Amino acid sequence: MALFTKNLLLRVLTALVGAPLIIFLALWEKAWGWKALILLATILALIEYGQMAFKKEEFVPKYVTLVVGSLFAAFLLSVFKFQPYLLLFAPWAVVMLLISLVLMPGDIKESGINAGKGLMGVFYIAQLAAFIGLMKDLPHGGRWIIFTLTIVWLNDTGAYFVGKSMGKHKFSPVVSPNKTWEGAIGGTFASCLAGVGATFYVPGLTIPVAIILAVFVGTFGQLGDLAESLLKRSFGVKDSGNLLPGHGGILDRIDALLFAFPIMFGYLYIAAYRSLTSLT
């Protein structure tokens with residue numbers, strides 16, 4: 001099986017175009033640039049999700065999900081410093097969505113299913129994506145963002161090449177037939193290399209901690225990829241969209257990040273809390 005295909009070339013070219021902007025905004029001292037990028041990606045991902053999840057005639061739940069999810073993401077990202085109490089606002093997203101479906105129900109028989117699909121879109125995409133933007137507010141947030149992105153990207157790259165060259169044992173044949181255990185192991189090893197490399201530019205990061213983080217974040221990234229594959233199969237589509245040549249849609253590109261960033265964010269938040277309490 002050929003390792004270097006036309007699709008791979010398109011993926012590389014797309015990455016070469018987008019990576020400089022992503023790195024610049026991640027490291028730029030102004031957090032609003034990074035958050036604006038994440039909000040834009042969230043809105044585009046919600047549009048793709050709506051096109052996958054809802055039928056053409058189900059325009060009410062489709063656009064309600066888009067509006068509620070976009071507003072919810074904008075609210076979370078507009079906060080300059082993350083606070084746990086912000087999660088208390090999550091139920092209001094549920095209320096807004098359900099009220100909208102009650103006032104404009106569309107097909108009554110499908111309302112319950114559509115409500116579930118809508119809630120899934122809001123919390124799966126909007127809330128998880130907010131962690132990607134909010135990491136910019138943490139100390140050295142830009143460098144931690146680069147670290148997390150590198151883990152996910154190298155994991156994906158390592159899994160691809162190892163899986164293509166020596167993959168034999170299917171990882172999840174029903175959900176994603178092309179993924180193998182060999183590829184997953186290769187991706188995890190590549191993530192560890194990203195962890196070792198991060199010790200040179202992330203202040204205070206030691207090699208043991210970096211490797212542990214790389215394994216956990218990389219693993220959850222792979223699970224995020226599988227989760228989106230499951231959704232696409234359940235909706236009967238191959239890609240979430242075609243905006244990014246070689247990658248599919250925006251959701252196809254950020255699926256692993258949606259699972260990876262909350263893990264890294266949780267570690268950083270707990271570590272910061274422990275350092276503060278140790279001083280009191």
| query | Which length gain, in nm to one decimal place, applies between Leu223 and Asp137 when the Cα-Cα distance is subtracted from 0.36 nm times their residue separation? | reply | 28.4 nm
| Euclidean distance of C-alpha centroids, region 123-175 and region 180-246, integer Å | 3
| task | Report the label-to-label distance for Val209 and Val174 in nanometres (one decimal), using points 7 Å from each Cα along the Cα→Cβ vector. | result | 4.1
| Karplus 3J(HN,Hα) series, Hz, for region 26-31 with 6.51 cos²θ - 1.76 cosθ + 1.60 (x for Gly, Pro) | 5, 9, 4, 5, 7, 5
| What are the chymotrypsin sites (Phe, Trp or Tyr not before Pro) within region 108-185 that DSSP puts in a loop, where the Cβ has at most 12 other Cβ atoms within 10 Å? | none
| Exposure proxy order (Cβ contacts within 10 Å, fewest to most) of Lys62, Lys232 | Lys232, Lys62
| request: Please work out the FRET efficiency for the pair Ala272 and Glu29, using the Cβ-Cβ distance as r and a Förster radius of 25 Å; give the result to the nearest 0.05. | output: 0.80
| What's the extension gain from Leu230 to Lys56 if we count 0.36 nm per residue and subtract their Cα-Cα distance? | 60.5 nm
| Thinking of region 6-277 as a set of Cα atoms, what percent of all their pairs are more than 28 Å apart? | 37
| task | Arrange His140, His169 by Cβ neighbour counts within 10 Å, fewest through most, would you? | result | His169, His140
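Read-outs throughout are calculated quantities, based only on the coordinates presented, and are distinct from any laboratory measurement. Quick caveat, the model's predicted, so the values are computed rather than measured. Cβ: placed from backbone, ideal geometry, glycine included. Neighbour counts: every protein chain shown.
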